[in-house]
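Visitor: Structure provided below as structure tokens; questions to follow.
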Amino acid sequence: MINRAGLGIGCALGAAALYGLVPNFVRGAIVNGIPAIESTLFRTFVLATAFAVLAIGKGERLTIPKGAMPSFIGQAIATLCVSVAYLGSVQFIPVGLAVIIFYLFPVLIMLLSPLVERRNPGLLRILIAIAAFIGLAIAVGPSFDSLDIRGILLAGLGSAGATLQFFSGRAISRYMSPAAFGSLVHMVILPPILLIALYAGSGTLRFLPGGPATETGLLFLGGVAFVYVVAYMGQMLSLRFAPASTVAPFFNLEPVMTTAVAAVILGERLQSNQYAGGGLVLAALVASSLLGKWKK
């Protein structure tokens with residue numbers, strides 16, 4: 001197993017910065033005639049194709065070794081949850097709130113990592129996790145009645161999927177390169193995403209020629225696909241170079257980037273309780289990063 005923490009952290013920071021653009025671009029596509037599920041469909045197709053070309057060009061085989069099958073299945077399920085649930089949540093709740101809920105996953109990884117290794121998580125880890133969940137309660141609680149429960153549940157499912165994605169991504173990297181397994185994972189999840197998109201669109205896709213999507217919407221759609229391809233490669237490379245518990249805290253940059261970009265390009269502003277709760281969640285994420293370094 002490769003262990004080059006510095007390179008892994010660098011890849012994680014780059015991926016996090018790019019991922020911060022994705023939900024904002026999806027939101028931009030939504031207001032310009034393209035549903036979130038269609039952005040998910042398009043980016044999935046582009047990544048599957050681009051990574052297949054890259055893998056074949058490097059002489060790699062697009063086959064799944066027997067030992068990699070459990071982690072491959074986990075990666076496929078996790079990626080489907082993140083793609084459909086997290087991006088779908090921004091259709092129902094503000095981008096900033098969706099990212100607050102979604103970004104519980106680094107704390108979940110920090111909390112679960114010692115348990116997977118059969119060690120006591122320790123009081124500090126438990127307290128940090130509790131602080132993160134209190135922050136989430138503050139962010140969501142006072143305005144719960146005015147929020148769409150579908151968005152909250154989807155963002156939560158996306159967070160669980162991201163947790164599984166990190167652990168399975170580290171495991172599968174023992175057997176396959178990011179290009180090879182990334183392509184195959186997205187090929188596997190493409191059919192169910194297509195079915196969901198067709199069902200939601202009553203048998204039509206709005207981004208296709210003749211649909212209601214505007215030119216601006218198509219630009220946002222292209223941005224979603226391009227940024228996702230580069231960010232996903234960076235994320236999987238980070239897991240190839242370092243354990244999930246090492247690189248996950250550095251994805252703390254994403255919620256900051258997402259919220260800032262939402263304010264700049266979408267003019268989105270959260271309520272005061274959402275900023276306060278989000279700040280507590282972010283503080284818990286930073287504490288988890290510092291704890292991880294201190295434990296070393």
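The values are calculated or read from the model by the stated rules, or taken from the named source; none is laboratory data. For clarity, every value in this text was computed on a predicted model and none was experimentally measured. As a convention, Cβ positions derive from the backbone with ideal geometry for all residues, glycine included, and neighbour counts pool all protein chains shown.
Visitor: I'm checking my understanding of the structure. Among residues of segment 99-137 that are aromatic (Phe, Trp, Tyr) and modelled with pLDDT of 75 or more, which one is surrounded by the fewest Cβ atoms within 10 Å (Cβ to Cβ)?
Guide: Going through segment 99-137, the residues aromatic (Phe, Trp, Tyr) turn out to be 102-103, 105, 133.
Still in the running and modelled with pLDDT of 75 or more: 102-103, 105.
Values: Phe102: 27, Tyr103: 26, Phe105: 23.
The extreme case among them is Phe105.
Visitor: Would you check if Ile152 is surrounded by 18 or more Cβ atoms within 10 Å (Cβ to Cβ) and at pLDDT 80 or above?
Guide: Judged against the criteria, Ile152 is a match.
Visitor: May I ask you to verify whether Thr63 is free of Cβ contacts under 8 Å to residues at least 12 places away in the same chain, closer than 19 Å to Ile189 by Cα and either surrounded by fewer than 21 Cβ atoms within 10 Å (Cβ to Cβ) or hydroxyl-bearing (Ser, Thr, Tyr) (or both)? Talk me through it step by step, then tell me what you get.
Guide: On the way: free of Cβ contacts under 8 Å to residues at least 12 places away in the same chain: yes; closer than 19 Å to Ile189 by Cα: yes; either surrounded by fewer than 21 Cβ atoms within 10 Å (Cβ to Cβ) or hydroxyl-bearing (Ser, Thr, Tyr) (or both): yes.
Judged against the criteria, Thr63 is a match.
Visitor: Go through the residues of segment 200-218 one by one and say whether even a single one is touching a residue at least 12 places away in the same chain (Cβ under 8 Å), touching a helix residue (DSSP H, G or I) at 6+ places or on another chain (Cβ under 6 Å), surrounded by fewer than 18 Cβ atoms within 10 Å (Cβ to Cβ) and over 20 Å from Leu87 (Cβ atoms).
Guide: No, there is no match, as no residue in segment 200-218 is touching a residue at least 12 places away in the same chain (Cβ under 8 Å), touching a helix residue (DSSP H, G or I) at 6+ places or on another chain (Cβ under 6 Å), surrounded by fewer than 18 Cβ atoms within 10 Å (Cβ to Cβ) and over 20 Å from Leu87 (Cβ atoms).
Visitor: Let me spell it out: the conditions are (1) β-branched (Val, Ile, Thr); (2) modelled with pLDDT under 75; (3) more than 18 Å from Val90 (Cβ to Cβ), and Val247 meets all of them except one. Which number is the exception?
Guide: (2)
Visitor: Applying the selection to segment 1-49, what residues are in contact with a His (Cβ under 6 Å, 6 or more places away or on another chain) and either at pLDDT below 90 or surrounded by fewer than 22 Cβ atoms within 10 Å (Cβ to Cβ) (or both)? Before the answer, list the steps.
Guide: Looking only at segment 1-49, we keep the residues that are in contact with a His (Cβ under 6 Å, 6 or more places away or on another chain), and these are 44, 47-48.
If the condition is that a residue be in contact with a His (Cβ under 6 Å, 6 or more places away or on another chain) and either at pLDDT below 90 or surrounded by fewer than 22 Cβ atoms within 10 Å (Cβ to Cβ) (or both), then Ala48 is the only one that fits.
Visitor: Pick from Ala242, Ala276, Ala200: which is out of contact with any His (no Cβ under 6 Å at 6 or more places or on another chain) and either at pLDDT below 75 or within 29 Å of Leu7 (Cα to Cα) (or both)?
Guide: Ala242
Visitor: Moving to a separate point now. Inside segment 69-90, can you point out the residues that are of a type outside the set (Ser, Thr, Tyr) and within 15 Å of Met236 (Cα to Cα)? Outline the logic, then answer.
Guide: We begin by selecting, within segment 69-90, every residue of a type outside the set (Ser, Thr, Tyr); these are 69-70, 72-78, 80-82, 84-85, 87-88, 90.
Across segment 69-90, the qualifying residues are Phe72, Gly74, Gln75, Ala76, Ala78, Val82.
Visitor: With a cut-off of at least 3 residues that are of a type outside the set (A, V, I, L, M, F, W, C) and within 20 Å of Phe102 (Cα to Cα), name the helices (runs of 4 or more DSSP H) lying wholly within segment 208-276. Please lay out each step first, then the result.
Guide: On the way: elements: 215-241, 244-247, 253-265.
Result: 215-241, 253-265.
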